[in-house]
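Undergrad: This structure is in structure tokens; I'll ask about it shortly.
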Amino acid sequence: MKISCLVDAKAQVGEGAVWDAVGEALWWTDINGRVIHRYDPRTNEDRIFDIGKRVGCFALREKGGFVLAAEHGFWFWDPASGKLDHIADVEGDLPTNRMNDGGCDRQGRFFASSMNLETERRPTGNCWRLNADLSIDKVASDLFIGNGIAFSPEGDRFYLADTTVEKVWAHPYEAGSGRIGARAPFIDMASMTGLPDGATVDAEGGYWLAAVRGGRVYRFAPDGKLDLTIEMPIPTPTKPMFGGPKLDRLFVTSIGTGGEPLAGGLFAIDGLGFRGLPEPRFAG
């Protein structure tokens, strides 16, 4: 196994990594920097797009371009023209919230959680689903920092975490209807190093979780048992994402912290022996 820093970006809050299998590039966001990055492994070029908004997460669209969860709602974005089209605000009445982590289910519905920004955090965060017809559903509430969104390979399980309470839950999920069942405990990180942040799932159903403030990436088996711990060279990993031509390279974003070398950089972990799954595109 080899860990390397691909881009010493010094991102304020690097997050939201998504692998584009068609363009063979990794897209990721610096939330507080209000920019989106496109990293090309073939040329080692990291291109930066100024969005002017805090983009928590995003997904590529089947119709081209992206869907963004930014500030208090959803947007379409075309990187070629830079055009932003506002879809809807879902938390315009919650100025101390912003959109945070998310991703698509296997059918192309886009999920995005939000978080409370106050120094003394309150559970005002939610999780929202943007459907292909652009209708919006609230699927979870009472979150401090919604995180860890991912889906099982079969699409029958939905994962959601709350960083502040140090827990990850698993929900039964009906892929056809989008119905979400009652949440059940999946991971309790209270006795582990770090706090739950972004996540992804591999082809075997393993759940890969960044442990922010703990400098680790964990892999949990589908039954919730820890079976792999990776020590990162920075204390604040935020979001793992499989990519590369064979989907066998794990990219990891991070938060920049004062004086920490390489913090805020984009990293890659090679030689893991696991493969990811193609990232679904938003169907709308």
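Undergrad: Out of the stretch 202-224, which residues are closer than 19 Å to residue 106 by Cβ and surrounded by fewer than 23 Cβ atoms within 10 Å (Cβ to Cβ)? Walk me through it before giving the result.
TA: In the first step, residues of the stretch 202-224 are kept if they are closer than 19 Å to residue 106 by Cβ; the result is 202-208, 222.
Selection gives 202, 203, 204, 205, 206, 222.
Undergrad: Would you check which residues across the stretch 1-27 are assigned to a loop (DSSP other than H, G, I, E, B), open to solvent by less than 30 Å² (accessible area, probe 1.4 Å) and of a type in the set (A, V, I, L, M) and list them?
TA: Within the stretch 1-27, just 11 meets the criteria.
Undergrad: Select, from 264, 258, 273, the only residue that is part of a loop (DSSP other than H, G, I, E, B), at pLDDT below 95 and of a type outside the set (Asp, Glu).
TA: Details: 264 fails: at pLDDT below 95; 273 fails: at pLDDT below 95.
Every option except 258 fails the conditions.
Undergrad: Further, regarding this structure: Hey, among the residues in the stretch 117-156 that are of a type in the set (S, T, N, Q) and under 17 Å from the mean Cα position of the chain (by Cα), which one's farthest from residue 219 (Cα to Cα)? Write out each step before concluding.
TA: Kept after step one, since they are of a type in the set (S, T, N, Q), are these residues of the stretch 117-156: 119, 124, 126, 131, 135, 141, 147, 152.
Checking the rest, the ones that are also under 17 Å from the mean Cα position of the chain (by Cα) come to 126, 147, 152.
Numbers: 126: 25, 147: 16, 152: 14 Å.
So the residue we want is 126.
Undergrad: Could you list, in sequence order, the residues of the stretch 103-126 that are over 17 Å from residue 241 (Cα atoms), among the aliphatic types (A, V, I, L, M) and crowded, with 18+ Cβ neighbours inside 10 Å? Working first, answer last.
TA: Residues of the stretch 103-126 that are over 17 Å from residue 241 (Cα atoms), as a first pass: 107-109, 113-126.
If we keep only those that are among the aliphatic types (A, V, I, L, M) as well, we get 115, 117.
115, the sole residue that qualifies.
Undergrad: Could you please find all residues in the stretch 139-164 being among the charged types (D, E, K, R), under 19 Å from residue 242 (Cβ atoms) and not in a strand (DSSP E or B)?
TA: Hit for the stretch 139-164 is 154, nothing else.
Undergrad: Moving on. Return a yes/no flag: does the stretch 148-157 have any residue that is more than 21 Å from residue 269 (Cα to Cα) and in contact with a Lys or Arg (Cβ under 7 Å, 6 or more places away or on another chain).
TA: yes
Undergrad: With the requirement that a residue be in a loop (DSSP other than H, G, I, E, B) and open to solvent by less than 50 Å² (accessible area, probe 1.4 Å), what does the stretch 225-255 give you?
TA: Taking the stretch 225-255 as the starting set, the residues that turn out to be in a loop (DSSP other than H, G, I, E, B) are 225, 232-236, 244-248.
232, 234, 235, 236, 244, 247 - these are the residues of the stretch 225-255 that are in a loop (DSSP other than H, G, I, E, B) and open to solvent by less than 50 Å² (accessible area, probe 1.4 Å).
Undergrad: Can you find a residue in the stretch 263-279 that is in contact with a Leu (Cβ under 6 Å, 6 or more places away or on another chain), buried (at least 19 other Cβ atoms within 10 Å of the Cβ) and among the aromatic types (Phe, Trp, Tyr)?
TA: Among the residues of the stretch 263-279, not one is in contact with a Leu (Cβ under 6 Å, 6 or more places away or on another chain), buried (at least 19 other Cβ atoms within 10 Å of the Cβ) and among the aromatic types (Phe, Trp, Tyr), which makes the answer no.
Undergrad: Note down all Cβ pairs under 6 Å where the first residue falls in the stretch 255-268 and is under 14 Å from residue 212 (Cα atoms), the second is at pLDDT below 95 and open to solvent by 10 Å² or more (accessible area, probe 1.4 Å), and they're at least six residues apart or on different chains.
TA: Within 6 Å, the pairs are 263/257.
Undergrad: Give all pairs with beta carbons closer than 7 Å in which a residue from the stretch 1-29 that is of a type in the set (S, T, N, Q) meets a residue that is open to solvent by 20 Å² or more (accessible area, probe 1.4 Å); count only pairs at least 6 apart in sequence or on separate chains.
TA: 12/32; 12/33; 12/256
Undergrad: If we keep just the residues of the stretch 157-177 that are within 18 Å of the chain's Cα centre (by Cα) and polar (S, T, N, Q), which is least open to solvent (accessible area, probe 1.4 Å)?
TA: Among residues in the stretch 157-177 that are within 18 Å of the chain's Cα centre (by Cα) and polar (S, T, N, Q), the one least open to solvent (accessible area, probe 1.4 Å) is 163.
Undergrad: Could you say which residue among 203, 190, 199, 182 is assigned to a strand (DSSP E or B) and either in contact (Cβ under 8 Å) with a residue 12 or more places away in the chain or within 21 Å of residue 114 (Cα to Cα) (or both)?
TA: Only one candidate passes the filter, namely 199.
Undergrad: Could you say which residue among 46, 78, 30, 50 is surrounded by 15 or more Cβ atoms within 10 Å (Cβ to Cβ), more than 17 Å from the chain's Cα centre (by Cα) and not aliphatic (A, V, I, L, M)?
TA: Numbers: 78 fails: surrounded by 15 or more Cβ atoms within 10 Å (Cβ to Cβ); 30 fails: more than 17 Å from the chain's Cα centre (by Cα); 50 fails: surrounded by 15 or more Cβ atoms within 10 Å (Cβ to Cβ).
Residue meeting the stated conditions: 46.
The values are calculated or read from the model by the stated rules, or taken from the named source; none is laboratory data. A quick note: this is a predicted structure, and the numbers were derived from the prediction, not measured. Ideal geometry is used to build each Cβ from the backbone, glycine not excepted, and the neighbour counts take in all protein chains shown. Surface accessibility is based on the protein's heavy atoms, side chains included, excluding ligands, DNA and RNA. Shrake-Rupley method; radii C 1.70, N 1.55, O 1.52, S 1.80 Å.
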